[in-house]
Structures are given as structure tokens and as C-alpha cells.
Amino acid sequence: MPMFQRRQGCLGVLFARTHNGRAVITLWEDEIAVERLEADSEYRSTVEAIAAAGFLRPPQVVELLDAGSGWLARSSW
């Protein structure tokens, strides 16, 4: 979570799991912030370390969804 907190444009993160899978749901200010994340060396090395530990298992799916509407309370995390 601290890695996401340090990323400009990250509005929030949720870690979820079921009996057969896990999900990380992140909320971003805009698509530019998401593009910065994908190019970020700390993010990429974090994902590689998690994958090397066997935590990520196929199939892995990334979906970008536009929010139709919503509300976020500003917080300091």
C-alpha cells in the first residue's frame, strides 16, 4: 500500500480475495496517472517481486474501467 500512496494521482486502493483468487482495485485521477504507474520502476519491481514469490498466478487480468459517477472522500490515508 505505501507504494501506491507515493504515486501521484492514486486516489485509493483495495485488496480483495475470494477462495480462488485475489484482486487489487486502484482508483486514479486520470489515465495519465495510470500510464505513469505502468512506467514507474518501483511499481514494476514490486510486481516482479510479488510474481517471483509465487503470489501471482495465471490467469492475470488488467482492466481499465471509466467511472460513470461516484464520490470519494478526501483523506490522508
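Data overview
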| quantity | calculated |
| --- | --- |
| Residue-span extension gain [A73 to A53] - 0.36 nm each, minus C-alpha spacing | 3.8 nm |
| At most 14 other Cβ within 10 Å, DSSP loop - GluC sites (Glu not before Pro), the stretch 32-77 | E63 |
| Angle between the chain longest axis and helix 41-52 axis [Cα atoms, degrees, rounded to 10] | 30 |
| Neighbourhood charge, 14 Å Cβ-Cβ cut-off, centred on E42 and excluding it, Lys, Arg +1 and Asp, Glu -1 | +1 |
| Sparsely packed trypsin sites (Lys or Arg not before Pro) within the stretch 11-77, loop by DSSP, other Cβ within 10 Å at most 10 | R74 |
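Bear in mind that the values in this text are calculations on the coordinates, not laboratory data. Here the structure is a predicted model, which means the values were calculated and not measured. Counting neighbours? That spans all protein chains shown, and the Cβs are built from the backbone with ideal geometry, glycine included.
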